[in-house]
Amino acid sequence: QVQLVESGGDLVQPGGSLRLSCVGSGSRFALATMGWYRQAPGTQRELVASITTFDITNYADSVKGRFTISRDNAENTVYLQMNSLKPEDTAVYYCNRVGTWYFGWGQGTQVTVSS
């Protein structure tokens, strides 16, 4: 069973940057297409970025050009570099596999963009 631990969230001003990290346990992590999801209060969890085992990336339109997802399989870690942050990026961010089933969800990491 893969366990996921997200970190790196913080309070940041609009226009600022953050780098999120997600560390996974177990060999299945490196074999999975992984994604970063976010959930703001009162909304459904949405996928904002994904990366395959071949490092092919995909982004939601709302973050394209501002966010960059990457992975280090040797360290079982997925990253999300977030630049030019906007107040509407405020949410709890989670990582998980992308597909028809998920690993157990981690606790997420809170990102708040506010002046």
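Among G35, G24, G99, the largest mean-square fluctuation in a Gaussian network model of the chain (Cα springs under 10 Å) belongs to G99. Of the residues V111, V12, V23, the one with the largest accessible area comes first in the ranking V23, V12, V111, computed with a 1.4 Å probe on protein heavy atoms.
Placing dummy labels 7 Å off each Cα toward the beta-carbon, the span from Q110 to I56 is 3.8 nm.
To the nearest 20 debye, what charge dipole does the chain have about its Cα centre, counting +1 at the Cβ of each Lys and Arg and -1 at the Cβ of each Asp and Glu?
120 debye
Hand me the chymotrypsin sites (Phe, Trp or Tyr not before Pro) from the stretch 1-83 located in a DSSP loop with no more than 14 other Cβ atoms within 10 Å, in residue order please.
Details: sites: F29, W36, Y37, F54, Y59, F67, Y79; in loops: F54.
Passing sites in the stretch 1-83 are F54.
When the Cα positions of S50, V78, T100 are compared along the charge dipole of the stretch 1-101, T100 comes out farthest toward the positive end, with charges on each C-beta of Lys, Arg, Asp and Glu. In order along the stretch 62-72, phi translates into HN-Hα couplings of 5, 10, 4, x, 10, 10, 9, 9, 8, 9, 10 Hz, rounded to whole numbers, per the Karplus curve 6.51 cos²θ - 1.76 cosθ + 1.60 with θ = phi - 60° and x for Gly and Pro. For the stretch 35-40, 3J(HN,Hα) computed residue by residue from phi via the Karplus equation (6.51, -1.76, 1.60; θ = phi - 60°) reads x, 9, 10, 9, 9, 8 Hz, glycine and proline entered as x. Choose one answer from Q44, Q13, Q81: the residue with the largest mean-square fluctuation in a GNM of the chain with alpha-carbon springs under 10 Å. Most flexible of the set in this elastic network: Q44.
The values are calculated or read from the model by the stated rules, or taken from the named source; none is laboratory data. All values derive from a computational prediction rather than experimental measurement. Every residue, glycine as well, gets a Cβ built from its backbone with ideal geometry; the counts of neighbours run over all protein chains shown. Keep in mind that these areas ignore ligands, DNA and RNA; they rest on the heavy atoms of the full protein, side chains included. Shrake-Rupley method; radii C 1.70, N 1.55, O 1.52, S 1.80 Å.
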